[in-house]
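See below for the structure under consideration.
Just so it is clear, none of the values below were taken in a lab; they were calculated from the coordinates. Keep in mind it's a predicted model, so treat the numbers as computed, not measured. Cβ sites come from the backbone with ideal geometry, for glycine too, and all protein chains shown count toward neighbours.
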């Protein structure tokens, strides 16, 4: 039939595009994450868990339901199978649901153009700004990767050591993968983090590891949601809502990191989705994804941990690490109660500083205070322990502290930063949270 | 205005249908009326033509031919909404006719309603799978839709992009639609008894004139026959070239492509200079033999079209570079071609031919 012939010239070019997008997991060893994973067998076994792998048949395309990723995979599958008509139908269905989905428009353009002439690459529009095509290509790759590679069921992000009982969910973001993972605090299983869902996200134009105001980067660290601005009148840029986080936190300030106003927020109305690198440092979700997670976010509670590349632990290793850290904290508490100032101070780094005191001043104060104590009782409630992503070995410990002694009672919410020094965890900062 | 000039070729197409339908329908009784109306259209007296056609239709309100002409006249009178109304009704009453769909598509495209244009053209092709004009138009509409999709994807300044694409489209239409229209059903064009893999089953072509000359039965045949005058008109247009010296080169390219398309081997070889080197060490004679076999003896229709060439003239030599589209049964290809010409008296002859 003639129409077949009209279509054929376009196929070769498009097929190249697809294989570049579709088979990218084969190139995975090119990226540092996977290289690191390969050197570290326990982690590589956990990550990545290719959902449907490149060699196994892809899932049935979902026409109406399904995440944008699932539907993109369906479209690329049809293109691979040379079913360009079907691919176009699926793309148009996707656009019907998300009329401002630029990536889908680009694919639609390619599929239509392929009917009139051979096309040589993804985003074959004549005179198209290369940067914008590259942005959409990057989004396609990130979304397909996100669809293919889900965390294995028996692995958890290393950072979620312990959540306090009323922290119902935690958000963990992997900036290299442009992915946000939502974990539930599974209290029935001893507070084990349970994977709930994951979403594509946009980060700063210049990537992650924020250092200064205006550097267009997304911070890396342990944060929490500090407000829900969704009911306020927000500029269109923020879409369906915004949840600020507490950047810069105590550790960031100590490291001299600048800037402010880092939010999780939705997407402006003129586009369904933004490229992987596009914000000024905020983490941006599509409006539908923001709506999906918003009820899980608790102001002042929900941890938001941003990593450039998540470290995953098997449940066994995670449980061991958690036990060891809890033990470390418990020893500190007990040593405080013991009124043996030397043992107590042994938990503090020489680099300690907080509240205008350095270690020497802090030690001096503790010695004089302890001299007046006949007994001390310290109780920790609502303990949360999170490992800080990044090169430094750092954990963030937050708890409600109930301090009682013969001459003073005090209740406070305290936050500590512990660093690993000479193989031991030491407190380098503590203060009211 | 660009918009108007863009659609001029399409209107020519519309007119062509007017002729075609008349061939099919002009029964003895109607003979005085329809040709009159067509003549008025041809003379540009659209208001009078409309009056006449309304008269004609008053006694036969269902008549497809009259309604079709009315649609054309309304189009010419720049009353697209009314024209769309006429063609829409016509396509509802005669869903098997491709022409009303095609013309609807042209009108929709004129109003930038490319999705509707696409649907209409797809309907035209569904009813007549070998309908060349609809394919050409559909390709055009796909390109427009692609361009719109890219605009949305890449947040391009739609206005600029559209203007550029429009100019490109004009070339496409001029260079390809004429040739496409000439295409008779493949079966008819291939007298060769050899078992040629004919791509188009074209059952339509086999349809002999049915005893009752109904609208339905005659139109397909008419559709195939009609566009010939258009093609003639189109091929006369040389590819637009600015400099005076370039015109002759452009003409030489046009003749060469035409000779190739028409399998006119004599004219085809005459386009090449005596000094032409076939390349790969082949002799002129061997090359001519090969070309004769590939072109002259090839069953089925060949269409060679090209996009506006870039021509540079340097004394007695000239170089033309253009994108060439070659279509033959079982083979479609597009490639960049460079032709080097030498001047020989008043003619430009091909000395070198390079494809990439």
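Data table
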quantity	calculated
Radius, Kirkwood style, for region A:186-263 when every pair of distinct Cα atoms is counted (Å)	14.6 Å
Calculated on alpha-carbon atoms, Rg and Dmax of region A:256-377 in Å	22.2, 67
Within 10 Å of each Cβ in B:81-87, the average number of Cβ atoms from other chains	0
Residue order, fewest to most surrounding Cβ atoms within 10 angstrom, among A:91, A:286, A:341	A:341, A:286, A:91
Cβ-based exposure ranking for A:92, A:69, in which fewest neighbours within 10 Å come first	A:92, A:69
Sorted by Cβ neighbour density within 10 Å, fewest at the top, the residues B:106, A:419, A:201	A:419, B:106, A:201
Inter-label distance for residue B:89 and residue A:411, nm, one decimal - labels placed 7 Å from Cα along Cα-to-Cβ	8.4 nm
Protection-proxy order for peptides A:169-179, A:136-146, each taking the mean of Cβ atoms within 10 Å per residue, highest first	A:169-179, A:136-146
Equivalent ellipsoid semi-axes - Cα gyration tensor, region A:141-225, angstrom	25, 17, 9
Under 13 Å from the residue A:232 label point (7 Å along Cα→beta-carbon), backbone N, region A:286-320	none
Rg/Rg_ref, region A:85-178, where Rg_ref = 2.2 N^0.38 Å and atoms are Cα	1.51
Förster radius 56 Å - calculated FRET efficiency between residue A:126 and residue A:189, Cβ distance, rounded to 0.05	0.50
